[in-house]
Amino acid sequence: MKKTSKLIRLIHNPTAGDGEYSKKEIVKLIESNGYKCDYTSSKKKSIGNIKPETEFIAIA
């Protein structure tokens, strides 16, 4: 049986904080640790459209 990566839904506010971490950097960090990343900006209306296979929600 093939082991599949777990899916993380990343909800990111790109204008919050001091801009230390970009979308690209956060997604890369998540995926480099063996997860799949489904990104959405907190500014988009699609924020509530979460795939059923999502196992974790991360907010940054």
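The values are calculated or read from the model by the stated rules, or taken from the named source; none is laboratory data. Please read these numbers as outputs of a predicted model, since none were measured by experiment. Positions of Cβ are generated from backbone atoms using ideal geometry, with glycine treated the same way; all protein chains shown enter the neighbour counts. Side chains are part of the model used for accessible areas, which takes the heavy atoms of the whole protein and leaves out ligands, DNA and RNA. Shrake-Rupley method; radii C 1.70, N 1.55, O 1.52, S 1.80 Å.
So the values come out like this:
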| quantity | calculated |
| --- | --- |
| Full-stretch length increase - Ser22, Lys44 - with 0.36 nm per residue and alpha-carbon distance subtracted | 6.3 nm |
| Loop GluC sites (Glu not before Pro), the chain (other Cβ atoms within 10 Å of the site Cβ: 11 or fewer; DSSP) | Glu20, Glu53 |
| Loop-resident sites, the chain, for trypsin sites (Lys or Arg not before Pro), counting at most 16 other Cβ within 10 Å (DSSP) | Lys2, Lys3, Lys6, Lys43, Lys44 |
| Convex hull per residue volume in Å³, alpha carbons only, for the chain | 75 Å³ |
| Karplus 3J(HN,Hα) series, Hz, for region 10-26 with 6.51 cos²θ - 1.76 cosθ + 1.60 (x for Gly, Pro) | 9, 9, 10, 9, x, 9, 7, x, 9, x, 5, 10, 8, 3, 4, 5, 5 |
| Charge dipole magnitude, Cβ of K and R +1, D and E -1 - the chain, Cα centre, debye nearest 20 | 300 debye |
| Cα→Cβ-extended label distance, 7 Å offset, between Leu29 and Ile59, nm | 1.7 nm |
| In order through region 35-45: 3J(HN,Hα) via Karplus (6.51 cos²θ - 1.76 cosθ + 1.60), integer Hz, x for Gly, Pro | 9, 8, 10, 10, 8, 8, 7, 5, 8, 8, 6 |
| Accessible carbon and sulfur surface of the chain relative to its total accessible area, %, 1.4 Å | 54 percent |
